[in-house]
1. Please report, ordered by residue number, the strands (runs of 3 or more DSSP E) entirely within the stretch 47-101 with at least 1 residues that are open to solvent by 30 Å² or more (accessible area, probe 1.4 Å).
2. Given the conditions (1) at pLDDT 95 or above; (2) assigned to a loop (DSSP other than H, G, I, E, B); (3) closer than 15 Å to F82 by Cβ, report the number of the one that V145 does not fulfil.
3. Somewhere in the stretch 233-249, is a residue open to solvent by 70 Å² or more (accessible area, probe 1.4 Å) and touching a helix residue (DSSP H, G or I) at 6+ places or on another chain (Cβ under 8 Å)?
4. I'm checking my understanding of the structure. Among residues of the stretch 1-14 that are part of a loop (DSSP other than H, G, I, E, B) and among the hydrophobic types (A, V, I, L, M, F, W, C), which one is surrounded by the fewest Cβ atoms within 10 Å (Cβ to Cβ)?
5. What are the residue pairs meeting all of these: first residue in the stretch 28-39, first residue farther than 14 Å from L194 by Cα, second residue in a loop (DSSP other than H, G, I, E, B) and not aromatic (F, W, Y), Cβ atoms under 7 Å, and 6 or more apart or on different chains?
6. Please work out which one of (1) more than 25 Å from K176 (Cβ to Cβ); (2) open to solvent by less than 60 Å² (accessible area, probe 1.4 Å); (3) touching an Asp or Glu at 6+ places or on another chain (Cβ under 9 Å) is the condition G226 fails and give its number.
7. Would you confirm whether or not the stretch 113-123 contains a residue that is surrounded by 13 or more Cβ atoms within 10 Å (Cβ to Cβ) and not acidic (D, E)?
8. May I ask you to list pairs of residues, at least six apart or on different chains, whose Cβ atoms are under 7 Å apart, with the first in the stretch 78-104 being within 17 Å of V145 (Cβ to Cβ) and free of Cβ contacts under 8 Å to residues at least 12 places away in the same chain and the second being of a type in the set (F, W, Y) and crowded, with 20+ Cβ neighbours inside 10 Å?
Amino acid sequence: MYKLLKDLCDLVGPSGFEQDVQRFIKKEIQDKVDQLEVDPLGNLIATVKATDSQMPSILLAAHADEIGFIVKKIEPNGTLRFEQLGGFDNRILLAQSVTIKSLAGYIEGVIGALAVHYVKWDDPKRIDSHRDLYIDVGASSAEEVLEMGIKVGQPISYGSKLKLAGDKKRNRVIGKALDDRAGCAVLIALINNLRSNKEAKHGDIYCVFTVQEEVGLRGASVLSQGIKPDFALAVDTTPTSDTYDVLMTGTRKLGEGPCIKVADKSLISHPLVTGLLEKVAEEKNIPYQQEIFMGIGTDAGAIHMTSTGVSTGVVSIPSRYTHTPIEVIDLDDLENSVRLVEEFIFASKELIGKNFLDT
């Protein structure tokens, strides 16, 4: 799982520029699914056909995009002005490494920072807007930047690469884009498992790698009209609250299993879905946590309100330092997320004929 996750996270794929990520995923799964298509927005839709036509169809969504930047202007001195794609805390941008997807390939750079020697003449409490910052790619003129294949409109991600945290016994990783390449890895692993387990009974399974989640759940908002699933699950990360920082409540902890979402700002999960997730977790001894956190939204927020409505829930992978270059997840949580989603699929026959009033 670590290698797959590293391959996914090290790609540049901010919202609206997910092509490298989607190409990688397509190559990974194209021989393991029954149908594969890319819709007009860029969502990659993989279909695993039913082995039991009496079982419900399930849509699983993980977003391929990451927070990132876009080149807005090239200054005469060779520095780059940029705009943000997704939600950021400007306090962490200074001195961060970045990777630009140029016409010639990936180019490394850094967001410039005032040297500490100048701070005596500055206000040390000042927080610069990203619009006041710039990226240095080692060029001394706009012409040199263009020679690198960098032009206005090209995507940028954080430059941090995925790596192991601590020693191998900890089974934790640090890097950018774990939100939500971790969810993408879960769906890829699930596809591999379904292909190898021919005896497993399930309905039609739609594994969708969505685009533009970080800028308003845009890719997910067009899915269910065409697919018309009976049920849906988003697989995404959720910020932990276990580090004793101010505002931390200890309700979502790293390494204690996937979170079964009850509610966030975009969704109140359908009780049929959360109920079955909790039931199979307990029956199969899969560690899990309950999640109520109003600070985030996921693709489920868009999916459950489209078409005539879809009974939807979320499996959340606990993550520390979300939306930074140093997100941390526990690979055991990732593996248990695969198990939880898989067991939900296999048990979904229990949901046939039930509705909201049966909960």
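1. Passing ranges, in order: 68-74, 80-85.
2. Exception for V145: condition (2).
3. For the stretch 233-249, residues open to solvent by 70 Å² or more (accessible area, probe 1.4 Å) and touching a helix residue (DSSP H, G or I) at 6+ places or on another chain (Cβ under 8 Å): absent.
4. At the first step, the residues of the stretch 1-14 found to be part of a loop (DSSP other than H, G, I, E, B) are 1, 10-13.
From what is left, the residues that are among the hydrophobic types (A, V, I, L, M, F, W, C) are 1, 11-12.
Details: M1: 17, L11: 23, V12: 26.
Taking the candidates together, the pick is M1.
5. L36/Q30
6. (2)
7. To start, the set of residues in the stretch 113-123 that are surrounded by 13 or more Cβ atoms within 10 Å (Cβ to Cβ) comprises 113-114.
When the remaining residues are screened for being not acidic (D, E), the result is 113-114.
Within the stretch 113-123 (the criterion being surrounded by 13 or more Cβ atoms within 10 Å (Cβ to Cβ) and not acidic (D, E)), the answer is yes, since at least one residue qualifies.
8. none
The values are calculated or read from the model by the stated rules, or taken from the named source; none is laboratory data. Just so it is clear, the structure is predicted and the values come from calculations on it, not from any experiment. Here the Cβ is made from the backbone with ideal geometry for all residues, glycine too, and neighbour counts use every protein chain on show. Heads up: the accessible areas ignore ligands, DNA and RNA and are worked out on the full protein's heavy atoms, side chains in. Shrake-Rupley method; radii C 1.70, N 1.55, O 1.52, S 1.80 Å.
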